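The values are calculated or read from the model by the stated rules, or taken from the named source; none is laboratory data. All values derive from a computational prediction rather than experimental measurement. We place every Cβ from the backbone using ideal geometry, glycine too, and count neighbours over all the protein chains shown. These area figures cover heavy atoms from the full protein model, side chains too; ligands, DNA and RNA do not enter into them. Shrake-Rupley method; radii C 1.70, N 1.55, O 1.52, S 1.80 Å.
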Amino acid sequence: MYDTIIIIPYRARENHLKYFLDHTVPLLKKHIPNGKVVVIEQDWNNKLFNRGCLLNIGVKEYENKTNYFILHDVDTIPEEKCIEQLYTNNSFDVIRTWVTHNISLGGICKFTHDCILEVNGLPNYIWGWGIEDRALYYRCVIMNKKISPNYSNTFNFKKLPHPHNGNNTHPDNYNGKNSISNNENNIFESNNYEKQIKHIMSSGLNNLKYKIVDRRQFNDYVEFIKVSI
């Protein structure tokens, strides 16, 4: 049984991954010795990246094998003090270590094992940039999970540069009143708990489909899993 599994959703960010492996993994190993970094890499069968689905795969592969999951973008590098204080903090169902805004559970967030399973992970239907972090926040609020304050400005984080991901977005995500973004907002604001739970259980860990293309140990703390989704 691991204490913490750190899941990295990944594709075509070689320089970012190398920096993370060189600079962050040694600190993780120091402060979470009974932990593991799991890099979930999406193949190129789909043009658009699906961050939510990749994170779900990491959770599914280590279900009942860890106490905590940290969902962690590869381009966000924490200082050691942050790892020491927040990555080992067990005071909440969800710890918002670094998020882009207050209704997001993207970036870097720590979940108890039971919390991420009970909210059914993230939706699998969001392809391309955005929304999945907000959908996960809504799921946790709807299911009354204890969410920490936003610690994004409490510690220093290094953001590795890359082009904006807006061109890697499905047209259904934001365009029009029937967009996925509007639908997530409307369900959250409906206050219809039965409808909300039905929506949460319609897509996530419970109906995840994927194929492992390659699986290998990089070292004693890091595993790579390449998947087709």
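Quick one: if you stick a label point 7 Å off each Cα along the C-beta vector at Tyr19 and Asn45, how many nm between them?
Each label point lies 7 Å from its Cα, and together they span 3.1 nm.
Taking chymotrypsin sites (Phe, Trp or Tyr not before Pro) that fall in a DSSP loop and have at most 14 other Cβ atoms within 10 Å as cut points, what is the longest piece of the chain between them?
45-217
In what order, largest first, do Met1, Met143, Met201 sit by accessible area if the probe radius is 1.4 Å?
Ranked from most to least accessible, the order is Met1, Met201, Met143.
Run the reach check for Lys65 against aspartates and glutamates, Cα to Cα strictly under 18 Å, same-chain hits fewer than 8 apart removed. What comes back?
The qualifying aspartates and glutamates are Asp3, Asp93, Asp114, Glu118, Asp220, Glu223.
Counting alpha carbon pairs within less than 8 Å and at least 6 residues apart, what relative contact order, in whole percent, applies to the stretch 36-172?
It comes to 32 percent, rounded to a whole number.
Round to a whole number: what % of the accessible area of the chain belongs to carbon and sulfur, probe 1.4 Å?
The C+S portion of the solvent-accessible surface of the chain is 47 percent.
Mind jotting down a quarter of the surface of the convex hull over the alpha carbons of the chain, in square nanometres, one decimal?
Numbers: hull surface 47.0 nm².
Result: a mean projected hull area of 11.7 nm².
With a ≥ b ≥ c taken as the square roots of the eigenvalues of the C-alpha gyration tensor of the stretch 50-145, please select rounded if a/c is under 1.5 and otherwise prolate if a/b is larger than b/c or oblate if it is not?
Note, shape of the stretch 50-145 comes out rounded.
Under the definition of Cα pairs under 8 Å and six or more residues apart, what whole-number percent is the relative contact order of the chain?
Relative contact order of the chain: 26 percent.
Distances longer than 19 Å among the Cα atoms of the stretch 99-217: what percent of all pairs is that? Walk me through the numbers before you get to the answer.
Numbers: 3863 of 7021 pairs.
Summing the P(r) of the stretch 99-217 above 19 Å gives 55 percent of all pairs.
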